[in-house]
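Where a number appears in this text, it was derived from the coordinates with a stated rule and is not lab data. Please read all numbers here as calculations on a predicted model, not as lab measurements. Positions of Cβ are backbone-derived with ideal geometry, glycine not excepted, and every protein chain shown enters the neighbour counts.
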């Protein structure tokens with residue numbers, strides 16, 4: 001079955017099209033389920049080189065879990081310019097629990113996930129990369145951890161003790177490592193991997209989150225909002241491994257759609273959301289340090305020259321830089337306090353809005 005969101009004029013066409021009440025994937029719900037249902041979500045953009053093979057691998061793996069879980073696979077073709085959708089639909093035509101959702105334009109990872117989440121029927125939702133840079137074995141580990149700990153989110157973390165990173169190009173690896181270190185520090189070090197997409201979610205909790213990010217920054221946004229709600233978040237050690245498979249004859253060459261500069265900027269924005277005061281206090285401390293150094297310089301010159309007036313004559317720039325440093329530090333501290341206050345207001349409003357939304361859903365149910 002396929003569902004399409006085809007309004008390219010609206011940034012949130014995916015959200016508008018993805019109403020689970022209006023676009024059900026099945027004609028009737030399963031009333032007497034004896035095993036939990038796991039929904040596996042796979043965003044796909046220009047994945048024709050691997051989609052058939054990897055969907056087959058995932059289906060075969062999910063079959064091995066049927067003694068524990070029922071399952072479905074949701075593929076979101078996010079405006080691919082190749083035949084990703086057609087190839088995925090060939091698999092879906094053979095398997096009743098594989099479904100393909102289509103965007104006619106590329107909205108980005110955030111809206112692709114939002115589209116899929118609104119269509120999933122499972123009690124647990126697992127998100128994976130179509131290129132299987134994390135092996136399918138992580139699915140069982142994630143769901144087991146979710147159920148055992150009653151967590152709302154479980155993250156596959158290559159940066160947790162016991163996790164590994166293999167065959168990743170040096171630039172991508174460096175960027176990923178330090179991006180996660182930066183975000184982890186912004187989030188008080190509680191989580192080691194904040195940018196990864198491979199996760200398991202409690203579906204009921206996930207649907208109470210209203211996230212707006214269009215691109216890869218959605219992964220950090222989801223975690224931030226889960227932290228605001230004091231949700232339990234767990235991690236498991238994982239292996240991130242890039243594969244260098246031979247391209248399929250006639251298939252387009254797969255290219256990374258990651259834009260380095262854009263990704264760095266979105267990481268900075270995500271870090272600001274987690275701890276905005278850090279972006280003001282650290283520069284303020286640097287300004288105070290410069291002012292302190294200028295003060296020492298002025299003091300030494302005053303002793304040598306025999307007075308402040310003589311020191312001013314000898315090095316007026318030290319006075320100017322020192323004064324500017326103090327003014328800048330005071331201004332930055334004030335901005336930091338304002339940003340902290342705004343963050344507190346946002347968290348309170350988000351918590352209230354989520355509680356109200358959850359209550360309205362439950363009353364309708």
Among 316-325, 128-137, how do they line up by average Cβ neighbours within 10 Å per residue, starting with the highest? 128-137, 316-325
So how much slack lies between residue 279 and residue 34, counting 0.36 nm per residue of separation and subtracting their Cα-Cα distance, in nm? 83.2 nm
Under a point spin-label approximation (7 Å from Cα along Cα-to-Cβ), what is the residue 286-residue 230 distance to one decimal in nm? 3.7 nm
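Please report 188, 103 as a ranked list, fewest other C-beta atoms within 10 angstrom at the top and most at the bottom.
On the way: 188 10, 103 28.
Starting with the residue having the fewest Cβ neighbours, the order is 188, 103.
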Where in region 45-63 is the amide nitrogen less than 17 Å from a point lying 7 Å along the Cα-to-Cβ axis of residue 86? 45-53
List the pair-distance distribution P(r) of region 144-195, using every Cα-Cα distance, as the percent of pairs falling in each 5 Å bin from 0 up to the bin containing the longest distance, rounded to whole percents. 4, 19, 22, 25, 16, 9, 4, 1
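Please compute the volume of the convex hull spanned by the alpha-carbon atoms of region 278-364 and report it per residue in Å³. Mind dumping the intermediate values first?
Details: hull volume 5.7 nm³, N = 87.
Taking only Cα atoms, region 278-364 has a hull volume of 65 Å³ per residue.
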